[in-house]
Amino acid sequence: MNSLQHLSDEDIHAMVAYLRDVPAQPGDERQPRFSWGDAPVTAGGDGAKTQGSGSTDGDTLYRSLCSGCHGMNGRGSPDGSYPSLIHNTALGAATPENVVMTILEGIKAGDVAGRKSMAAFSGWLDDGQVAALANYVTARFGNPDLSVTAADVRQMRAGSTTSQTIMVLVAQSLVVGGALLMLGLLLLLARRLHRGMTSARLMFAHKDRR
């Protein structure tokens, strides 16, 4: 809504030229994100949206919360206003952050290019339900190797992933350790200066007596 659609053609061409010049980087992904998923054949109609069934079953959550827009087979709406989950890059990623945050925060599309916004379920679903739903849609429509736990969701809901939290804690420890080291050096320097000044005063006092 507030991103690349607002770039000028000149800026878009410059970005394309830059990206083509950047060497490919190895990663954990075994195939392109958009190549995952084959629409399964399912029976039954689309489920109606209902708030908070209390279920932790991914299939039940998908039927009640997602199938009304994305369809039971995950293909979305024929006009594309509700996107397909098949060959969806969020579900084909090697890490679960995008799909989890989409479930939690929704998508504010603003009807850009005919796309509809998606509701945020952070207030409807607990961490276990979000994990169950994310694992269900990725296993059914995307990368089956992707998995997420309730603890992971809790970290993401708080604003960080587990690895990011570890990095933050390490950085904080380094900062605290550096501050303590600097404080120790300053105290040591102050003590030496105090001793030096005391020695100097004693020397002057001795000379005065002489």
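What the table shows:
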{"quantity": "Residue that is modelled with pLDDT under 90 and exposed (fewer than 11 other Cβ atoms within 10 Å of the Cβ), where the choices are 39, 43", "calculated": "43"}
{"quantity": "Qualifying residue in region 111-127 (condition: without any contact (Cβ under 8 Å) to a residue 12 or more places away in the chain, within 17 Å of residue 150 (Cβ to Cβ), open to solvent by 20 Å² or more (accessible area, probe 1.4 Å) and small (Gly, Ala, Ser))", "calculated": "yes"}
{"quantity": "Residues of region 77-92 satisfying the condition of being touching a Phe, Trp or Tyr at 6+ places or on another chain (Cβ under 9 Å) and either touching a residue at least 60 places away in the same chain (Cβ under 8 Å) or crowded, with 17+ Cβ neighbours inside 10 Å (or both)", "calculated": "84, 85, 86, 87, 88, 91, 92"}
{"quantity": "Hits in region 55-106 - residues which are under 16 Å from residue 122 (Cβ atoms) and small (Gly, Ala, Ser)", "calculated": "106"}
{"quantity": "Any pair with Cβ under 6 angstrom, 6 or more apart, that starts in region 1-24 at a residue that is closer than 30 Å to residue 117 by Cβ and ends at one that is modelled with pLDDT under 95 and open to solvent by less than 100 Å² (accessible area, probe 1.4 Å)", "calculated": "1/110; 1/112"}
{"quantity": "Failed item, numbered, when residue 74 is tested on (1) at pLDDT 85 or above; (2) in contact with a Lys or Arg (Cβ under 8 Å, 6 or more places away or on another chain); (3) open to solvent by 10 Å² or more (accessible area, probe 1.4 Å)", "calculated": "(3)"}
{"quantity": "Failed item, numbered, when residue 30 is tested on (1) under 17 Å from residue 132 (Cα atoms); (2) at pLDDT below 75", "calculated": "(1)"}
{"quantity": "Flag for residue 64 being among the polar types (S, T, N, Q), out of contact with any strand residue (DSSP E or B) (no Cβ under 8 Å at 6 or more places or on another chain) and either assigned to a loop (DSSP other than H, G, I, E, B) or crowded, with 23+ Cβ neighbours inside 10 Å (or both)", "calculated": "no"}
{"quantity": "Filtered residues of region 7-38 (kept if of a type in the set (Asp, Glu) and farther than 13 Å from residue 142 by Cα)", "calculated": "9, 10, 11, 21, 28"}
{"quantity": "Leading residue by the ranking (least open to solvent (accessible area, probe 1.4 Å)) among those in region 1-27 that are modelled with pLDDT under 95 and among the hydroxyl-bearing types (Ser, Thr, Tyr)", "calculated": "8"}
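The values are calculated or read from the model by the stated rules, or taken from the named source; none is laboratory data. Just so you know, these numbers come straight off a predicted model, no measurement behind them. A quick note on method: Cβ atoms are made from the backbone with ideal geometry, for glycine too, and the neighbour counts reach across all protein chains shown. The accessibility values were calculated without ligands, DNA or RNA, using every heavy atom of the protein model including side chains. Shrake-Rupley method; radii C 1.70, N 1.55, O 1.52, S 1.80 Å.
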